[in-house]
Amino acid sequence: MLNEQDQALAERRMERLISRLPRGFAAFIRWTRKPQMFWLRLPLGLVLIVGGFLAILPIFGLWMTPLGLLLLAQDFAPVRRGLYRLINWTAGKRPHWFGEQPGYS
């Protein structure tokens, strides 16, 4: 289980990653993360994850899987915990991806 501090840190890091996306795309992701957008988030998240597995095709790419997980994490606690752990672990290995200095927490 993640404590509240680790969850808040992971959420801030996720927001930093979203802010690195192109402006329109970042705005769309923030919009879909709103609580009332569950009806869109669930099917879109599933489609993105499936599309990530089809990365060998020209339109699809591996970038789709983490984006789909990010959307599903809003509504499903096990996915959210796993994603938060992955984000915090990645930040420990690659802090510059999150705009952090090594050793920051």
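No lab work stands behind these numbers, since they all come straight from the coordinates. Only a predicted model underlies this, so the values are computations on that prediction, with no experimental measurement involved. When we count neighbours, we look across all protein chains shown, and the Cβ atoms used for this are built from the backbone with ideal geometry, even at glycine.
Each Lys and Arg Cβ is given +1 and each Asp and Glu Cβ -1; about its Cα centre, the chain then shows a dipole of about 180 debye. Every helix of 4 or more DSSP H residues in the chain counts as -39500 (n - 2.57), and over all residues that averages to -21000 deg cm²/dmol at 222 nm.
Sorted ascending by nearby beta carbons within 10 Å, beginning with the fewest, Phe53, Phe76 become Phe53, Phe76. In the chain, the longest principal axis of the Cα atoms and the axis of helix 23-32 are about 90 degrees apart.
In this calculation the C-beta distance from Gln101 to Leu57 is compared with R0 = 41 Å, giving a FRET efficiency of 0.60. When the Gaussian network model of the chain links Cα atoms closer than 10 Å, the mean-square fluctuations of Leu86, Leu48, Leu69 top out at Leu86. In terms of other Cβ atoms within 10 Å, Glu100, Glu4, Glu15 run from fewest to most in the order Glu4, Glu15, Glu100. Residues with beta-carbon under 11 Å from that of Arg41, excluding Arg41: net charge, scoring Lys, Arg +1 and Asp, Glu -1? Here the charged neighbours net out to +1.
Apply 1/(1 + (r/R0)^6) to the Cβ-Cβ distance of Asp75 and Val47, taking R0 = 22 Å, and write down the FRET efficiency to the nearest 0.05.
Once the sixth-power term is evaluated, E becomes 0.90.
For the chain, the residue among Pro102, Gly45, Gly82 whose Cα projects farthest onto the positive side of the dipole built from Cβ charges is Pro102. P(r) tail for the chain: Cα pairs beyond 25 Å make up 20% of the total.
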